[in-house]
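Structure first, then comments.
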Amino acid sequence: MLIEKNIPSRVGWIEVICGSMFSGKTEELIRRLNRARIAKLKVEIFKPKMDTRYDEVQVVSHDAHAILSTPVESSSQILLMTNDVNVVGIDEAQFFDEGITDVCNTLANNGIRVLVAGLDMDFLGNPFGPMPALIATAEYVTKIHAICMNCGDLAHYSHRIVKSNQQVLLGEMDAYEPLCRKCYIEKQKISHSA
C-alpha cells in the first residue's frame with residue numbers, strides 16, 4: 001500500500017547573500033527579486049523593523065536602488081504573510097532573532113525560494129547573529145566583497161570607525177569602512193593600543 005506524504009508540489013530552497021558592509025548584498029538581493037518579478041512570480045520582501053536607515057518600508061541599497069518591503073518585528077511574522085507566494089526576500093537577516101533559520105527552512109520546505117541577505121560578521125570579525133546557521137542550511141551561498149578603503153584589495157571586514165562596543169549600531173560610511181584582512185588587523189591593533 002502506497003502512503004501519500006505531505007510533500008509540496010514544487011521544491012523550494014534557500015539562497016544566502018553575505019559579506020561585509022558596502023559589498024552590494026542588498027543590491028544583489030534586489031536584482032534577484034526583480035528578476036523573479038519579471039518571471040511573473042509572486043514575491044514578498046521583508047526587513048527588520050529596526051532598520052530605518054534609508055526608509056521605513058523599502059529595502060534600499062547603498063546606491064539608492066529600492067524595492068518595497070514589509071518591516072517586521074520578529075521572524076515568526078514572516079510565516080503569517082507568505083501565503084501563496086513563490087519567492088520570499090529577507091534583507092539584513094543578521095538583525096533577526098534566531099528563529100529566522102527555522103522560518104526560512106519552513107518556507108523552503110513548503111516549496112518557496114528564499115533569498116536572504118545579511119552581514120556574515122560583526123565589527124569585531126565574529127559570526128553575526130543567525131547568519132552562520134542560515135549559511136549552513138542554505139543550498140546556495142554567495143559571499144561578495146567590498147573594496148578595502150585603505151589599500152584597494154578585496155574587503156570582507158566591516159571596521160567600525162566610531163567609538164561603541166554595541167554589536168548592533170546602525171550606520172553608514174560615517175560609522176563603518178570595509179577593510180581587507182591585513183588592513184583590518186592593523187586598524188584593530190591601533191584601536192586597542194589607543
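Here Ile161 does not fit the description of being aliphatic (A, V, I, L, M) and at pLDDT 95 or above. Does Gly111 satisfy being of a type in the set (Gly, Ala, Ser) and part of a strand (DSSP E or B)? Against the criterion (of a type in the set (Gly, Ala, Ser) and part of a strand (DSSP E or B)), Gly111 does not qualify. Among the residues of segment 140-152, those identified as farther than 16 Å from Gly125 by Cα, surrounded by 14 or more Cβ atoms within 10 Å (Cβ to Cβ) and not β-branched (Val, Ile, Thr) are Met149, Asn150. In this structure, does Leu169 turn out to be within 20 Å of the chain's Cα centre (by Cα) and at pLDDT 95 or above? When the stated conditions are applied, Leu169 does not pass them. Once segment 1-37 is narrowed to residues that are modelled with pLDDT of 95 or more, among the hydrophobic types (A, V, I, L, M, F, W, C) and more than 23 Å from Leu80 (Cβ to Cβ), the residue that is surrounded by the fewest Cβ atoms within 10 Å (Cβ to Cβ) is Cys18.
Out of (1) over 23 Å from Leu68 (Cα atoms); (2) in contact with a Gly (Cβ under 6 Å, 6 or more places away or on another chain); (3) among the polar types (S, T, N, Q), what's the single condition that is false for Gln94? Among (1) over 23 Å from Leu68 (Cα atoms); (2) in contact with a Gly (Cβ under 6 Å, 6 or more places away or on another chain); (3) among the polar types (S, T, N, Q), the lone unmet condition for Gln94 is (1). Would you call Glu177 part of a strand (DSSP E or B), modelled with pLDDT under 95 and either touching a strand residue (DSSP E or B) at 6+ places or on another chain (Cβ under 7 Å) or under 14 Å from Met21 (Cβ atoms) (or both)? Yes, satisfied. For segment 113-138, a residue qualifies if it is over 16 Å from Glu92 (Cα atoms) and in contact with a Gly (Cβ under 9 Å, 6 or more places away or on another chain), and exactly one does: Arg113.
This table checks each residue for (1) of a type outside the set (A, V, I, L, M); (2) part of a loop (DSSP other than H, G, I, E, B).
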| site | (1), (2) |
| --- | --- |
| Gly125 | yes, yes |
| Gly129 | yes, yes |
| Ile135 | no, no |
| Lys143 | yes, no |
| Gly152 | yes, yes |
| Ser158 | yes, no |
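The values are calculated or read from the model by the stated rules, or taken from the named source; none is laboratory data. Since the structure is predicted, the reported quantities are computational estimates derived from the model, not experimental observations. Positions of Cβ are generated from backbone atoms using ideal geometry, with glycine treated the same way; all protein chains shown enter the neighbour counts.
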